[in-house]
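What follows is a set of notes on a single structure, which appears directly below.
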Protein chains: 2
Amino acid sequence: MQYKVAIFLFNEVEVLDFAGPFEVFSIAGLRTMTVAPFDVFTIAQFETIEARNHLTIKPTYTFATAPTADIILIPGGGGRHADGTPFGSRREMNNPIVLNWVKEQAAQAKLVLSVCTGSLILGKADLLEGLKATTHFKAIDALKEISTNIHVKENVRFVDNGTIITSAGISAGIDMSLYTVGKLFGKETADETAAYMQYDYWTS
Amino acid sequence: MQYKVAIFLFNEVEVLDFAGPFEVFSIAGLRTMTVAPFDVFTIAQFETIEARNHLTIKPTYTFATAPTADIILIPGGGGRHADGTPFGSRREMNNPIVLNWVKEQAAQAKLVLSVCTGSLILGKADLLEGLKATTHFKAIDALKEISTNIHVKENVRFVDNGTIITSAGISAGIDMSLYTVGKLFGKETADETAAYMQYDYWTS
């Protein structure tokens with residue numbers, strides 16, 4: 001089984017939010033399995049994305065061209081400009097085109113993952129109702145404000161509800177991705193992936 | 001003082017090798033300092049780069065258009081195809097255009113950093129002679145083969161020679177970048193950057 005992993009990109013996405021999971025899923029199992037366990041690609045609303053601090057990326061697919069994925073990953077990043085205008089995930093969480101896409105993908109995906117304030121987008125897409133979830137430590141209140149039916153957890157690196165797994169801020173997406181590798185392909189594969197990345201801090 | 005940080009990109013660059021440091025330098029000090037301490041940009045030989053696993057990036061500058069940088073960072077990644085053809089850093093370490101650019105930049109930069117097999121490029125540019133250096137754990141022998149005058153260190157996350165700092169594989173670039181933030185702007189700034197990234201493993 002090879003899982004198609006779709007990483008959502010948007011303007012002002014936090015770089016490590018998507019790049020940490022991109023790295024983990026890209027290299028997992030390559031040295032120990034005969035078939036790569038993951039086929040990783042990026043999807044965005046637009047043909048060019050400017051990530052945080054002007055890293056310009058051409059996504060693999062747009063919403064219009066993307067194949068169906070087994071795993072979707074929603075990174076975070078962004079905030080509000082001095083005049084109050086939201087950018088990054090704070091804008092996308094109110095973008096109906098994005099919310100529709102996320103809902104459609106989540107309805108058929110085997111796993112839905114978020115990193116950092118990506119959970120705000122999942123929350124606004126009504127995907128976290130009745131579930132435990134976490135987010136960047138500075139966005140805990142924002143996640144609580146979306147719905148009183150989201151059981152918001154603090155001081156955890158990630159929370160697994162079975163199909164929906166949310167992680168804390170930025171670097172916690174690496175841990176959540178390694179955890180997901182382990183959940184699907186076993187502890188040895190997760191441990192070997194972390195070792196290859198020299199992510200010495202990982203303990204599965 | 002704002003430091004210009006030039007991150008070198010090349011085809012098949014390992015994503016987290018450059019994205020970890022990109023993240024650290026991009027967000028360091030933004031919440032505690034009145035002027036951003038780092039201006040981060042990417043530079044490549046070509047106008048479009050395909051990083052590992054088909055992440056397509058448009059670098060901020062090419063060699064022809066890039067400004068002078070205070071800090072240059074050389075990531076790694078790559079290896080050899082089944083037929084022996086080198087790709088990624090194993091190709092760039094023998095690319096005279098890249099080696100000339102690295103030498104020219106290093107001659108005027110305040111700091112020269114490498115992640116993972118980026119140290120092979122520094123070694124081939126004769127920048128590690130007489131110095132301590134490290135690399136990805138699977139490339140230790142390759143680094144030793146470049147010169148007997150490189151004092152290769154194993155089982156360390158990074159090695160600081162004052163101006164030239166090399167790190168171990170992939171995720172160790174995050175630690176090396178946080179260390180560099182601390183070296184230039186103090187422990188409090190490094191610690192706050194790690195905390196914002198929720199990189200709980202960091203201890204400066």
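The values are calculated or read from the model by the stated rules, or taken from the named source; none is laboratory data. Given the structure is predicted, the values throughout are model-derived calculations rather than measurements. Methodologically, a virtual Cβ is constructed for each residue, glycine included, from the backbone with ideal geometry; neighbour enumeration extends over all protein chains shown.
So is A:PRO75 within 26 Å of B:THR60 (Cα to Cα) and either touching an Asp or Glu at 6+ places or on another chain (Cβ under 7 Å) or within 11 Å of chain B (Cβ to nearest Cβ) (or both) or not? Yes. Only one entry of B:VAL102, B:VAL40, B:VAL24, B:VAL13 meets the criterion of being at pLDDT 95 or above, under 14 Å from the mean Cα position of the chain (by Cα) and assigned to a loop (DSSP other than H, G, I, E, B), and that entry is B:VAL13. Scanning the range B:131-145 for residues that are under 13 Å from B:VAL159 (Cβ atoms) and either surrounded by 18 or more Cβ atoms within 10 Å (Cβ to Cβ) or away from every other protein chain (no Cβ under 14 Å) (or both) returns B:LEU131, B:LYS132, B:ALA133, B:THR134, B:THR135, B:LEU143. Quick one: in the range A:147-160, of everything that is within 14 Å of chain B (Cβ to nearest Cβ) and either out of contact with any strand residue (DSSP E or B) (no Cβ under 7 Å at 6 or more places or on another chain) or on the phi > 0 side of the Ramachandran plot (or both), which residue is surrounded by the most Cβ atoms within 10 Å (Cβ to Cβ)? The extreme case among them is A:VAL156.
Within the range A:180-198, the residues that satisfy the criterion of being touching a Gly at 6+ places or on another chain (Cβ under 9 Å) and polar (S, T, N, Q) are A:THR189, A:THR193, A:GLN198. Checked against the criterion of being under 24 Å from A:VAL24 (Cβ atoms) and touching a residue at least 60 places away in the same chain (Cβ under 8 Å), the candidates B:SER177, B:SER167 yield just one match: B:SER177. Determine whether A:ILE74 is of a type outside the set (Ser, Thr, Tyr), surrounded by 21 or more Cβ atoms within 10 Å (Cβ to Cβ) and in contact with a Gly (Cβ under 7 Å, 6 or more places away or on another chain). It is true that A:ILE74 is of a type outside the set (Ser, Thr, Tyr), surrounded by 21 or more Cβ atoms within 10 Å (Cβ to Cβ) and in contact with a Gly (Cβ under 7 Å, 6 or more places away or on another chain). Among the residues making up the range A:24-37, those that are touching a Gly at 6+ places or on another chain (Cβ under 9 Å) and either closer than 16 Å to A:ILE74 by Cα or in contact (Cβ under 8 Å) with a residue 40 or more places away in the chain (or both) are A:VAL24, A:PRO37. Restricting the range B:177-201 to residues that are more than 11 Å from chain A (Cβ to nearest Cβ) and among the aliphatic types (A, V, I, L, M), the residue that is surrounded by the fewest Cβ atoms within 10 Å (Cβ to Cβ) is B:LEU184. It is to be established whether one or more residues within the range B:55-65 are farther than 24 Å from A:PHE18 by Cβ, of a type in the set (Gly, Ala, Ser) and either modelled with pLDDT of 95 or more or not in a loop (DSSP other than H, G, I, E, B) (or both). Within the range B:55-65, one or more residues are farther than 24 Å from A:PHE18 by Cβ, of a type in the set (Gly, Ala, Ser) and either modelled with pLDDT of 95 or more or not in a loop (DSSP other than H, G, I, E, B) (or both). Yes or no: A:ASP126 charged (D, E, K, R), touching a Phe, Trp or Tyr at 6+ places or on another chain (Cβ under 9 Å) and either more than 11 Å from chain B (Cβ to nearest Cβ) or free of Cβ contacts under 8 Å to residues at least 60 places away in the same chain (or both)? No; evaluated as a whole, the condition is false for this residue. Among the residues making up the range B:150-164, those that are without any contact (Cβ under 8 Å) to a residue 40 or more places away in the chain and of a type in the set (A, V, I, L, M) are B:ILE150, B:VAL152, B:VAL156, B:VAL159.
Considering the conditions (1) within 12 Å of another protein chain (Cβ to nearest Cβ); (2) over 25 Å from A:ILE174 (Cβ atoms), A:THR62 is excluded by exactly one of them, (1). With the structure loaded, tell me whether B:GLU47 is over 20 Å from B:TYR179 (Cβ atoms) and in contact with a Ser or Thr (Cβ under 9 Å, 6 or more places away or on another chain) or whether it fails that test. Yes. Evaluating B:MET1 against the criteria (1) modelled with pLDDT of 95 or more; (2) more than 10 Å from chain A (Cβ to nearest Cβ) leaves one unmet condition, (1).
If a residue has to be among the polar types (S, T, N, Q), part of a loop (DSSP other than H, G, I, E, B) and under 20 Å from B:PHE63 (Cβ atoms) to count, how many in the range B:81-99 make the cut? Selection size over the range B:81-99: 2. Restricting the range A:161-176 to residues that are closer than 17 Å to A:LEU131 by Cβ and surrounded by 17 or more Cβ atoms within 10 Å (Cβ to Cβ), the residue that is farthest from the other protein chains (Cβ to nearest Cβ) is A:ILE164.
Restricting attention to the range B:17-50 and to residues that are among the small types (Gly, Ala, Ser) and more than 9 Å from every other protein chain (Cβ to nearest Cβ), the residue that is surrounded by the most Cβ atoms within 10 Å (Cβ to Cβ) turns out to be B:ALA28. Restricting A:THR85, A:THR68, A:THR56 to those that are farther than 26 Å from A:LYS187 by Cα, free of Cβ contacts under 8 Å to residues at least 12 places away in the same chain and more than 12 Å from chain B (Cβ to nearest Cβ) reduces the list to A:THR85.
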